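Student: Please find one structure pasted underneath; my questions will follow.
Readers should treat all values here as calculations from the given coordinates under stated rules, not as data from a laboratory. Values in this document were obtained by computation on a predicted structure and should not be read as measured data. FYI the Cβ positions are ideal-geometry reconstructions off the backbone, even for glycines, and counts take in every protein chain you see.
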Amino acid sequence: MGPFYKMGFFSEQTGFVIALLTGAAFGFWLERAGFGQSRKLALQFYFRDMTVLKVMFTAIITAMVGLLYFSLFGWIDLSMIYINPTFLWAQIVGGLVLGVGFAIGGYCPGTSVVGAVTGRIDGIVFLLGAMSGMIVFGEFFPLIEKLYTAGSMGDITLPKYFNISSGIVAFIILLAAVGMFVGGEWLEKKFGGEEA
Amino acid sequence: MQISLKTIGFSILLLLGLILAFSPLDTVRKEQIPTKTLLEELQKESVYVQADELAQWIIDKDPGIQIADIRSEKDFSNYHIPESIHIPFGQIENIEKSDLFDETKMLILASNGNTRAGQAWILLKQLGIKDVYILAGGLNHWVQNFSNPEHPKGAYTDDELFTYQFRKAAGTVMLGQTLSVAQDNKATDAKPKPIRRKRKKAKKKVDEGC
Amino acid sequence: MKESKFMSPYLAGIGLGLTMLLAFLIMGRGLGASGAMMRFDVWILNLFAPAHTASNAYFANYAENPLSNWLVFEVLGVMIGGFLSGALAGRLKFVIGKGPRISNRGRLIMAFGGGAIMGIGARLARGCTSGLALTGGATLSLGGWVFMLCVFGGAYATAWFVRKQWI
């Protein structure tokens, strides 16, 4: 039963090797999808190329459905999975800021790494920019510490917050995802026209 | 062909979702361990932490443990194990909500004896807390163990002597008394008593996913 | 070598999702990227101004050997995987990705600025698109979903102002 690492099946060092392999797979699929190229990513925001939306949601629902079924079969203990803690206001503001950066810079941190290693100069520059931004954040941290911890709600999940079963939440997300895929294809036909 | 493949994919997705929506997902997760199994497990030695073992961890300032004292307020203020937190037996089921409680640490329950702690142990196990143990013999044994350790009699081994000396010495820390450390034998270089049960190393809470 | 076409987004998404699922099953955690950059940042800062990093409450959190962190290894893996895939598809070349209506210099300035803004946003939200939106999304974390919607909101709101850069 998983997660294997937290069950103590192997050491931290073995975990690092797995990290390397996981990361390699992650980078591979990102590049395959075309996420090493900023323009392809950015055209998402002009409804011309909905790859970002499709890849992201397919990945999320694949992992989500997998996790829930694994839990149903008793293969994984969901309570031992790391859940990103919620800091509502920090994440709303952070999300908006990050979105602005995404439209301007054309990458997100993960994809900029892929862009940089495949030779995109803007990816390398973006990466340097992101690392400088983080230093700026650290320098000004005392000023924004209040916002950083604003809206702390702990490891809360959608089913817990809305008090409905995880299965129904998953179903709603799947419905929304399929709706977005169909809508995305339609938008691409309408605004696309070019192979990006 | 491309379109129909997508349609099939989307349909399978929705079907999987529909199954999930009607599956007993959340109830499966909260399924309780039967009390009978827990009662059987309570007989095993692996559930108990020996006083000496615990004292060693406290002296080492082991960051991976936390001791919950489940006795009454009066008993707790009277005397308690160093570093222990007070969670009365009546409130033990709310332990997860307590600010003092850290689920990443190994929890050791301390009562007067074994009975109350055993009941609390079963309760916590059923609440789904995994890393929980009982201080063997409770506070009664604890105090006796360190205030007046029994000197090994007859042909004792180095190990036995070491245990005795350790208890004598640890007593000063554990009970806050100044007892003279026995210096009657020069066996101080004896090896420390090996810890019987392998304990998981305390894990730091995983940092941000990103 | 001729560049091959990109994979179907659905297939790549399934691959990504399965990778994440395996990470959950094996490690009990998802993916990430910006956390590793932060660690790398602090590591560099530490070389030049160790007293400064130690005195800053935020940097001090990350002041450890970067080679003892899971995410750092994961991002090293991303580099390897991205490079391999790019090499296999013949997509390795030094170019600047941009629309036809902006100069190279302009694009690079935008990339740096956008990166800096994103760096700040990622630290504030405690994650980026991979660590918070993808991982949090799959684990149904409330914050992850709120964050994801805000990212798209912020990006769509800004898109019109920077359209010259891309289209």
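Student: With θ set to phi - 60° and the Karplus curve 6.51 cos²θ - 1.76 cosθ + 1.60, what are the ³J(HN,Hα) couplings of the stretch A:94-101 in order, to the nearest whole Hz, using x for Gly and Pro?
Tutor: With the stated coefficients, the stretch A:94-101 comes to x, x, 5, 4, 5, x, 4, x Hz.
Student: Among A:Pro142, A:Pro109, A:Pro159, which one moves the most in a GNM of chain A with springs linking Cα atoms closer than 10 Å?
Tutor: Sorting by GNM fluctuation, first place goes to A:Pro142.
Student: Using 0.36 nm per residue of separation minus the Cα-Cα distance, give me the extension gain between B:Phe22 and B:Ser77 in nm, one decimal.
Tutor: 14.7 nm
Student: Any chance you could tell me what percent of the C-alpha pair distances in the stretch A:12-191 go past 24 Å?
Tutor: So the portion of pairs separated by more than 24 Å is 54 percent.
Student: Under 1.5 on a/c is rounded, so check that first for the stretch C:22-110, then, if it is not, pick prolate when a/b is larger than b/c and oblate when it is not; a ≥ b ≥ c are the square roots of the alpha carbon gyration tensor eigenvalues.
Tutor: oblate
Student: Related question: In Å³ and rounded to a whole number, note down the convex hull volume per residue for the Cα atoms of the stretch B:32-148.
Tutor: In the stretch B:32-148, the Cα convex hull volume per residue is 99 Å³.
Student: Long-range amide H contacts for B:Ile85: which residues qualify at under 5 Å (H placed 1.01 Å from N, peptide plane, sequence gap of 5 or more or a different chain)?
Tutor: B:Ile67, B:Ala68, B:Asp69
Student: Partner chain Cβ atoms within 10 Å, averaged over the residues of C:36-43 - can you pull that number for me?
Tutor: Taking the mean over all residues of the peptide, I get 5.
Student: Using Cα springs under 10 Å in a Gaussian network model of chain A, which residue among A:Ala103, A:Ala170, A:Ala24 shows the largest mean-square fluctuation?
Tutor: A:Ala24
Student: Next question, about the same structure. In whole Å, what are the extents of the stretch C:98-167 along the principal axes defined by its C-alpha atoms, from largest to smallest?
Tutor: That gives 41, 19, 15 Å along the principal axes, largest extent first.
Student: Turning to a different aspect of this structure: On a 21 Å Cα-Cα criterion, which of the cross-link pairs B:Lys74/B:Lys130; B:Lys44/B:Lys74; B:Lys6/C:Lys98; A:Lys54/A:Lys189; B:Lys61/B:Lys153; A:Lys6/A:Lys160 come out too long?
Tutor: Violating the 21 Å Cα-Cα cut-off are B:Lys74/B:Lys130; B:Lys44/B:Lys74; B:Lys6/C:Lys98; B:Lys61/B:Lys153; A:Lys6/A:Lys160.
Student: Residues of C:89-99, mean number of Cβ from any other protein chain within 10 Å of their own Cβ, rounded to a whole number?
Tutor: 6
Student: Would chain C count as rounded, prolate or oblate if I go by the C-alpha gyration tensor, calling it rounded below 1.5 in a/c and otherwise prolate when a/b exceeds b/c, oblate otherwise?
Tutor: It is rounded, given that a/c, with a ≥ b ≥ c, falls under 1.5.
Student: Just tell me how shielded A:40-51 is by partners: mean number of partner chain Cβ atoms within 10 Å of each residue's Cβ, no decimals.
Tutor: Taking the mean over all residues of the peptide, I get 5.
Student: Which of A:Thr86, A:Thr58, A:Thr14 ends up with the largest GNM mean-square fluctuation for chain A, with Cα atoms connected below 10 Å?
Tutor: In this elastic network of chain A, the residue with the biggest mean-square fluctuation among A:Thr86, A:Thr58, A:Thr14 is A:Thr14.
Student: Between C:Leu67 and B:Glu93, what is the FRET efficiency for a Förster distance of 56 Å, r being their Cβ-Cβ separation, to the nearest 0.05?
Tutor: 0.85
Student: With +1 assigned to the C-beta of every Lys and Arg and -1 to the C-beta of every Asp and Glu, and no other charges, what is the dipole magnitude of the stretch A:12-191 about the Cα centre in debye, to the nearest 20?
Tutor: With only Lys, Arg, Asp and Glu charged at Cβ, the dipole is about 540 debye.
Student: Still on this structure, I have one more. Taking a temperature of 20 °C and a viscosity of 1.002 mPa s, what whole-number D in µm²/s does Stokes-Einstein yield for the protein assembly as shown with Rh from Kirkwood over alpha carbon pairs?
Tutor: Reported coefficient: 82 µm²/s.
Student: Could you point to the residue in C:Gly90, A:Phe70, B:Ala21 farthest towards the positive end of the protein assembly as shown's charge dipole, with +1 and -1 charges on the Cβ of Lys/Arg and Asp/Glu respectively?
Tutor: Value: C:Gly90.
Student: Then there is this: Please tell me the relative contact order of the stretch A:54-184 in percent, rounded to the nearest whole number, where contacts are Cα pairs under 8 Å and at least six residues apart.
Tutor: Once normalised by length, the contact order is 37 percent.
Student: I would also like to ask the following. Do any chymotrypsin sites (Phe, Trp or Tyr not before Pro) in the stretch C:55-162 lie in a loop, going by DSSP, with at most 15 other beta-carbon atoms within 10 Å of their beta carbon, and if so which?
Tutor: Of the chymotrypsin sites (Phe, Trp or Tyr not before Pro), the ones in loops of the stretch C:55-162 whose Cβ has at most 15 other Cβ atoms within 10 Å are C:Phe94.
Student: Also: What does the extension gain come out to for B:Lys105 and B:Thr7, with contour length at 0.36 nm per residue minus their alpha carbon separation?
Tutor: That works out to 30.4 nm of additional length.
Student: Would you kindly derive the ³J(HN,Hα) couplings of the stretch A:8-14 from the backbone phi angles with the Karplus curve 6.51 cos²θ - 1.76 cosθ + 1.60 (θ = phi - 60°), listing them in order in whole Hz, with x for Gly and Pro?
Tutor: x, 6, 8, 7, 4, 5, 4
Student: Okay, moving on. Given Cβ point charges of +1 (Lys, Arg) and -1 (Asp, Glu) and nothing else, what value in debye, to the nearest 20, does the dipole of the stretch C:98-167 about its Cα centre take?
Tutor: Using Cβ point charges on Lys, Arg, Asp and Glu, the stretch C:98-167 gives about 380 debye.
Student: What relative contact order, as a whole-number percentage, does the stretch C:98-167 give when Cα pairs under 8 Å and 6 or more residues apart are counted?
Tutor: Computed value for the stretch C:98-167: 48 percent relative contact order.
Student: Which stretch or stretches of the stretch B:120-143 have amide N atoms under 11 Å from the point lying 7 Å from B:Thr35's Cα along the Cα→Cβ direction?
Tutor: Residues B:123 qualify, since their backbone N sits under 11 Å from the label point.
Student: Evaluate the charge dipole of the protein assembly as shown about its Cα centre and quote only its size in Debye, nearest 20, assuming +1 on the Cβ of each Lys and Arg and -1 on the Cβ of each Asp and Glu.
Tutor: Once rounded to the nearest 20, the dipole reads 1820 debye.
Student: How far apart, in nm, are the 7 Å Cα→Cβ label points at C:Ala60 and A:Val182?
Tutor: Using points 7 Å along Cα→Cβ, the separation is 5.5 nm.
Student: Also: I'd like to know which of C:Asn104, C:Ala159, C:Gly144 lies farthest towards the positive end of the charge dipole of the stretch C:98-167, counting +1 on Cβ of Lys and Arg and -1 on Cβ of Asp and Glu.
Tutor: C:Asn104
Student: Under a plain spin-label model, where a point goes 7 Å from the Cα along Cα-to-Cβ, how far apart in nm are C:Arg163 and B:Asp158?
Tutor: With each label point 7 Å from Cα toward Cβ, the separation is 8.4 nm.
Student: Could I ask something else about it? I'd like the distance between the alpha-carbon centres of the stretch C:70-128 and the stretch B:86-148, rounded to an integer number of Å.
Tutor: When both Cα centres are located, 51 Å separates them.
Student: Quick query: amide H of A:Ile76 versus all other amide H atoms, modeled in the peptide plane; which residues come in under 5 Å with a sequence gap of 5 or more or a different chain?
Tutor: Under 5 Å from the amide H of A:Ile76: A:Gly2, A:Ser71.
Student: Calculated from DSSP H runs of 4 or more alone, at -39500 (n - 2.57) each and per residue, what is the 222 nm mean residue ellipticity of chain A, nearest 500?
Tutor: Per the formula, -22500 deg cm²/dmol.
Student: Under the rule of -39500 (n - 2.57) per DSSP H run of 4 or more residues, summed and divided by the residues of chain C, what mean residue ellipticity at 222 nm is obtained, to the nearest 500 deg cm²/dmol?
Tutor: So the calculated ellipticity at 222 nm is -21500 deg cm²/dmol.
Student: Check each of the trypsin sites (Lys or Arg not before Pro) in the stretch B:56-153 and keep only those in coil by DSSP with at most 10 other C-beta atoms within 10 angstrom; list them in order.
Tutor: Those that pass, being in a loop and sparsely packed, are B:Lys61, B:Lys153.
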